[in-house]
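Data first, discussion second: the structure below is written as structure tokens.
The values are calculated or read from the model by the stated rules, or taken from the named source; none is laboratory data. Everything quoted here is computed from the prediction, not taken from an experiment. We work out accessible area using only protein heavy atoms, side chains counted, and drop any ligands, DNA or RNA first. Shrake-Rupley method; radii C 1.70, N 1.55, O 1.52, S 1.80 Å.
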Amino acid sequence: MPVEKITKHAKIWRLAIFAFALLVHVAAICLFSVRQKEDEIETVDFSQADVFKLVDVQEYTKPEPESNEIVVQQPKASERVLETEKKVKDFDESAFLPQHKISSVPVIPIREVLSKIEYPPMALRQGIEAVVYLELFIDSKGAIKNIKVLKDPGHGFAEAAVAALKGIVCVPANANGKNVAVRYRYPIKFTLN
């Protein structure tokens, strides 16, 4: 055999022996660390540990100093009832058709909404983007009567979306050739440029 073949075989054997020794060492280290962890777990006494839930923790409030003052004359509660001639309108959701019962959806002036949107400052500083899902209650004249937030990602996005839609007048929804009041789901996406 030439010298080159012998050295080649010797290199392969050295590599094989090195790999075997490495495997033996890794197996020994893993076995030793697992046994050591099992010993540590057995020494812990869980019967004396206290379990705290986050709801059990209450914020400390400084007690108010006790006063020795005695109230001699306490004002009587007002017995006079003030009445107004204005009637309070309750918002009736049943007067608005669901979105699947209309022929054509309301057209919202997107440019006007975009001009009124103010990106929440905290989200802008942190570089956060989000989508707010709203349910708009649009009457038969196209005025937005109520806005309900369906999905609020936080950071002030929902408040900014609702504020941008206040006072907007749309092209009303249509059902069978007639303008109708509708509940319309509308997403507003906040993105950074």
When each of Lys151/Lys178; Lys101/Lys145; Lys141/Lys178 is checked by Cα-Cα distance, pairs over 22 Å = Lys151/Lys178
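Whole number in Å², please: accessible area per residue of segment 123-163, 1.4 Å probe, ligands, DNA and RNA not counted. Provide the component values of the computation, followed by the final result.
Numbers: 2080 Å² over 41 residues.
Normalised by residue count, the accessible surface of segment 123-163 is 51 Å².
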Gain in span if fully extended, Lys8 to Lys101, counting 0.36 nm per residue against the direct Cα distance = 25.3 nm
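Please compute the length gained on full extension between Met122 and Glu85, using 0.36 nm multiplied by the number of residues separating them and subtracting their Cα-Cα distance. Let's see the in-between values first.
Values: separation 37, 0.36 × 37 = 13.32 nm, distance 4.32 nm.
Fully extending the segment from Met122 to Glu85 adds 9.0 nm.
Per Stokes-Einstein, at 4 °C and 1.567 mPa s, what whole-number D in µm² s⁻¹ belongs to segment 90-149, with the Kirkwood radius over Cα pairs as the hydrodynamic radius?
Working: Rh = 14.1 Å.
Approximately 92 µm²/s, per Stokes-Einstein.
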